[in-house]
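The values are calculated or read from the model by the stated rules, or taken from the named source; none is laboratory data. This is a predicted model, so every value here is computed, not measured. Here the Cβ is made from the backbone with ideal geometry for all residues, glycine too, and neighbour counts use every protein chain on show. Ligands, DNA and RNA are stripped out before the accessible areas are found, and what is left, the full protein with its side chains, is counted by its heavy atoms. Shrake-Rupley method; radii C 1.70, N 1.55, O 1.52, S 1.80 Å.
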Amino acid sequence: MSKSRRKFISFIDKAMADGAQLPPEELMFSYKGILYPATVCSPDIFKALESFEARSDDVFLAGYPKSGTNWVGQILTDLVTSSAKYNEDTNSLDDEELEEFPYLEVGDTEKYQRMAKLPSRRVILTHLLPQNLPASVFKNKAKILLLIRNPKDVATSFYHFSNDLSPLPSYKTWDEFFSAFMSGEMPWGSYFDYVFEWNKHVDDRNVMTITYEALKENRALGVKQISEFFELHLSEEDIQGVVDRSSFQAMKENSEKTHGTFGNVLFRKGGVSDWKNLFIEDHNQKMDMTFEERLGGTKLGEMLKYGKYCKA
Ligand code: A3P
């Protein structure tokens with residue numbers, strides 16, 4: 001992963017410094033009924049985002065926060081960078097000038113004008129609901145990799161992340177966080193809404209779904225499927241390099257370079273079932289019931305294998 005991350009790191013460092021200065025009630029703002037962190041998003045950015053023009057060869061990653069988006073984001077960037085070496089006219093991919101914060105809705109209002117000048121293929125991450133993406137994403141048939149993770153591990157990861165990161169509200173107790181998570185008072189909204197809304201696109205030709213758990217179980221297979229979906233033509237050796245560089249251990253060890261001090265918070269456990277350390281009977285009952293009510297019988301609900309990964 002040679003792509004420059006200097007701007008990414010200074011952007012996050014600034015958000016952390018800004019977050020530490022803000023009173024808790026000013027950390028979040030609401031836009032069209034959904035909460036977002038005020039240190040990295042703004043209503044003006046959302047307005048500017050409407051002008052964003054997606055390309056059919058864009059490489060999109062959609063995922064609810066804490067589903068492993070930094071992990072799969074690295075896999076995608078690494079795949080695209082590795083495949084670009086076969087392309088003589090894309091030798092500028094390492095240029096720091098061309099680096100943009102990878103999450104579509106995070107940055108500044110001029111970001112989309114700069115993005116229009118970036119060479120293909122652009123790797124773009126987003127936590128947004130499908131209906132809140134700029135219309136051109138679906139109209140221009142950009143391919144989207146949808147990443148989902150079981151709700152109990154997402155909640156567990158989000159709880160620790162919120163308490164360890166100054167731009168996000170912190171919680172005195174796990175109970176307090178759990179109530180907020182279940183009612184959807186989270187940055188980027190409700191997990192259940194997210195999976196429910198994206199389920200409407202599960203059969204779209206341009207959408208491929210992958211679960212955190214499946215990727216964890218067989219990273220080599222997942223990376224191969226992802227590269228085929230985006231039609232990135234790579235040798236077995238290239239693919240193996242991407243697989244090796246995306247293990248939890250490799251990413252954690254490299255995190256100083258890729259994420260700066262933020263890496264110490266982000267690369268926490270990187271596993272499945274850590275929820276067992278927080279959930280008690282009452283949480284299990286509530287989560288099981290809500291999952292069944294909101295996502296029972298949906299294709300994405302099935303893909304999450306709730307019985308295997310979330311039953312106590
Ligand atoms: P945990 O908090 O459970 O450890 P996101 O990038 O969407 O914020 O997701 C963060 C979660 O992905 C964290 O989960 C983090 O440890 C996990 N993660 C990051 N890199 C990973 C990797 N290479 N393999 C597995 N999990 C990874």
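The table for this structure:
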| quantity | calculated |
| --- | --- |
| Spans of helices (runs of 4 or more DSSP H) in the stretch 184-272 with at least 1 residues out of contact with any His (no Cβ under 7 Å at 6 or more places or on another chain) and away from the ligand (no atom under 16 Å from the Cβ) | 191-199, 219-229, 236-245 |
| Some residue of the stretch 85-102 being within 16 Å of SER246 (Cα to Cα), more than 11 Å from the ligand (Cβ to nearest atom) and modelled with pLDDT of 80 or more | no |
| Any hit, the stretch 26-39, residues being in contact (Cβ under 8 Å) with a residue 12 or more places away in the chain, part of a helix (DSSP H, G or I) and within 16 Å of the ligand (Cβ to nearest atom) | no |
| Some residue of the stretch 156-176 being of a type in the set (Asp, Glu), in contact (Cβ under 8 Å) with a residue 40 or more places away in the chain, in a loop (DSSP other than H, G, I, E, B) and loosely packed, with under 15 Cβ neighbours inside 10 Å | no |
| Residues that are more than 13 Å from LYS311 (Cα to Cα) and open to solvent by 30 Å² or more (accessible area, probe 1.4 Å), drawn from the stretch 268-281 | ARG268, LYS269, ASN277, LEU278 |
| Selection from the stretch 210-221 of residues that are under 12 Å from ILE75 (Cα atoms) and either in contact (Cβ under 8 Å) with a residue 40 or more places away in the chain or open to solvent by 50 Å² or more (accessible area, probe 1.4 Å) (or both) | LEU215, ARG219 |
| Tally of residues being buried (at least 19 other Cβ atoms within 10 Å of the Cβ) and free of Cβ contacts under 8 Å to residues at least 40 places away in the same chain across the stretch 256-267 | 2 |
| Test: residue in the stretch 85-100 that is polar (S, T, N, Q) and touching a residue at least 40 places away in the same chain (Cβ under 8 Å) | no |
| Residue match in the stretch 233-240 (condition: within 19 Å of the chain's Cα centre (by Cα) and open to solvent by 20 Å² or more (accessible area, probe 1.4 Å)) | no |
